[in-house]
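Only the coordinates and a few stated rules stand behind these numbers; no lab work does. Note that this is a predicted model, so its numbers are computed, not measured. As a convention, Cβ positions derive from the backbone with ideal geometry for all residues, glycine included, and neighbour counts pool all protein chains shown.
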Amino acid sequence: MTVKSHGAIGGSIVGRGAATPQAAYLPGSEPMNVMDIERVSLSFGGVHALADVSVPAEKEKITAVIGPNGAGKTSLFNVISGFYWPQQGTVKLEGQDITNVRPHRRAFMGIARTFQNVALFRGMTVLDNVKLGAHTGLRSGLLDACLYLGRAKREEAALREQIEGEVISLLEIDHIRHKPVEELPYGLQKRVELARALVMRPKLLLLDEPVAGMNREEKDEMARFILDVRHRWRATVLLIEHDMGMVMDISDHVVVLNFGKQIASGTPEQIKANPDVISAYLGDASSTEQTATAGPDGR
């Protein structure tokens, strides 16, 4: 079965199509979860990247998705972002089914994402890269932008003030805001990518391995920033990460995948004590045999 795939630029989701109408809720009936992934299955030919996976993202909480390499974590993020449409299951944002909504519409609806590999625009400054994340909130037309008069000029001035006063100060990158991004060390580049996603003021922030390749000091700083985003902006965060120390320290809920299947879901304390999780990470005879025959997960 063919999987539909859609493209992206940097930390902002792009594509074609229109969102379905917003769902209506009675007072006091708003869903507790910002995102609900319900029994999602995704296959690439004979390879089952995801099999009946359900993941909640509770409002204003940090939910981590963990698992060994090839477990299907990034495939799950691609389903949430709209890059892949699953063969089965639904993806809901605040109770609204967005399973077949195009990627760029999901950005307008409040989903922002960072990626495993830094995807910044070389030759541009930190500030210019961060500004690009605000495209979903700008109202100036093409002519206004080309002439850079009136509304376009006022919008950019207000955007710059907002970015410098909120996002850049929050992530402590004010001292590098005018530097070209290619001159920055890796840890700061990851921070800039996070800033670009935050400018979208997302309802749901997807972080794909935010501390991969960082040293311990950089990891501690990034963990602090993620917690600050959750507390100060009341953000809902869904993250993929291999650093189990960080995951267990900052997460409210953890979901574990292994070979596309969900093997555990619970609090960090519950996950640490789960024998299936221990087996998946440390390995046993059966998991070793499965590894030899599983193949790719479609990432």
- To one decimal place, what orientation-averaged projected area in nm² is obtained for the convex hull of the Cα set of segment 147-237? 6.9 nm²
- Message: Apply the Karplus curve 6.51 cos²θ - 1.76 cosθ + 1.60, θ = phi - 60°, to the phi angles in segment 92-105 and return the couplings in whole Hz, x for Gly and Pro.
- Response: 10, 10, 6, x, 9, 6, 10, 3, 10, 7, 5, x, 5, 5
- Task: Any of Lys73/Lys219; Lys61/Lys92; Lys61/Lys179; Lys73/Lys131; Lys61/Lys219 with alpha carbons more than 27 Å apart? Name them for me.
- Result: Lys61/Lys179; Lys73/Lys131
- Task: Kindly provide the Kirkwood hydrodynamic radius of segment 157-210 in Å, to one decimal, from all pairs of distinct alpha carbon atoms.
- Result: 11.8 Å
- Item | Whole-Hz couplings from phi, Karplus 6.51/-1.76/1.60, listed for segment 264-276; x for Gly and Pro | 6, 7, x, 6, x, 5, 5, 5, 4, 9, 7, x, 5
- Query: Using just the C-alpha positions of segment 36-126 as equal point scatterers, what log10 of I(q)/I(0) does the Debye formula give at each q in 0.11, 0.21, 0.24 1/Å?
  - Reply: -0.35, -1.12, -1.37
- Using amide H atoms built 1.01 Å from N in the peptide plane, name the residues 5+ places from Asp208, or on other chains, whose amide H lies under 5 Å from its own. Thr114, Phe115, Ile240
- Query: Considering only DSSP states other than H, G, I, E and B, which trypsin sites (Lys or Arg not before Pro) in segment 211-253 qualify as loop sites with at most 10 other Cβ atoms within 10 Å?
  - Reply: Arg234
